[in-house]
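The values are calculated or read from the model by the stated rules, or taken from the named source; none is laboratory data. Only a predicted model underlies this, so the values are computations on that prediction, with no experimental measurement involved. When we count neighbours, we look across all protein chains shown, and the Cβ atoms used for this are built from the backbone with ideal geometry, even at glycine.
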Amino acid sequence: MTRETEIKLHEFFRGFAGAATSLLLLDYDGTLAPFRVDRFKAAPWSGVRELLNQIQNQKKTRIEVISGRPGAEIVSLLNLETPPTVWGLHGAERLYPDGRRELEFPAPAVRAKLDALSAKLRGDAFGGLFEEKPNAAVMHWRGVAPPKARAIEERTRELFEPLAENDGLQLLDFECGLELRAGRDKGGAVKAILEEVGAGGAAKIPAAYLGDDLTDETAFAAMKGPGLSALVRRERRRTQAEIWLRPPEELRAFLRMWIEAAG
Ligand SMILES: [Mg+2]
């Protein structure tokens, strides 16, 4: 842990004194779990599930996960004793612990554009892995050798960029992929949660967001003021996050500090 991170964490956890509740917002892939080329095998780093169960059992923290995946995938991969609320599809979906699900449906014209795109890419995904979501078309090139990955990216951008110029579709860059999507992003999800709990108001609620990818940057930005944001990544990069944690050791250390502070 860098000295800078240690100082900021010390200050952050001091804020738990007297707080009745706290808010822990988490990305999944790359943050709680290492990447796997087969994304259905991405289990949390050793010890992380147990630490999150412990935090939930203290009943002092509200945990919400915000992921690019459909929410149901997170619930089963994370497999906590009590399922947390999960925002899927980068924030366009919200899946509650009791199974209730809210989904922002794209407008019919937007959906038609995504359908046409999907029909094309289902036939030829340029050598990448094409994923269809209710609100998006996604191209993945994780695990592909660099020259081939560049070719896939180039062809995907050529196809996605003109569509992103209008009508409610946005390009979303992530590491080893590109998404063309509609709806709320991770920053929007964070803002909605903060508003719900009244963070940033008179009652100061300790709140943190942990993420690794470019798609987490809007969430980091939304935490400025109301809480702490952490980039969880082996290598540091330019980011809006306030602190840097190297997984899995420093992630586990962070969660242990959380348990101590909330206990
Ligand atoms: Mg991630």
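Key figures for this structure:
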read-out	value
Filtered residue count, segment 230-263, keeping only those that are surrounded by fewer than 20 Cβ atoms within 10 Å (Cβ to Cβ), in contact with a helix residue (DSSP H, G or I) (Cβ under 8 Å, 6 or more places away or on another chain) and without any contact (Cβ under 8 Å) to a residue 40 or more places away in the chain	2
Filter result (over 25 Å from residue 195 (Cβ atoms) and in contact with a strand residue (DSSP E or B) (Cβ under 6 Å, 6 or more places away or on another chain)) within segment 222-253	236, 244, 245, 247, 251
Restricting segment 3-36 to residues that are under 18 Å from the mean Cα position of the chain (by Cα) and either over 24 Å from residue 57 (Cα atoms) or among the polar types (S, T, N, Q) (or both), the residue that is surrounded by the most Cβ atoms within 10 Å (Cβ to Cβ)	31
Residue 152 outside the structural domain of residue 119 (by TED's automatic domain parsing), out of contact with any His (no Cβ under 8 Å at 6 or more places or on another chain) and surrounded by 15 or more Cβ atoms within 10 Å (Cβ to Cβ)	no
Among (1) of a type in the set (A, V, I, L, M); (2) touching a Gly at 6+ places or on another chain (Cβ under 6 Å); (3) not assigned by TED's automatic domain parsing to the domain that holds residue 22 - the single one residue 208 does not satisfy	(3)
Listing of strands (runs of 3 or more DSSP E) fully contained in segment 1-110 that carry 2 or more residues being closer than 22 Å to residue 243 by Cβ, within 16 Å of the ligand (Cβ to nearest atom) and in the same structural domain as residue 192 (by TED's automatic domain parsing)	22-26, 61-66
Test: residue in segment 145-158 that is among the β-branched types (Val, Ile, Thr) and free of Cβ contacts under 8 Å to residues at least 24 places away in the same chain	no
Subset of segment 149-168 (residues that are at pLDDT 95 or above and among the aliphatic types (A, V, I, L, M))	149, 151, 152, 159
2 or more residues more than 15 Å from the ligand (Cβ to nearest atom): qualifying strands (runs of 3 or more DSSP E) within segment 124-243	129-133, 136-140, 170-174, 177-181, 207-211
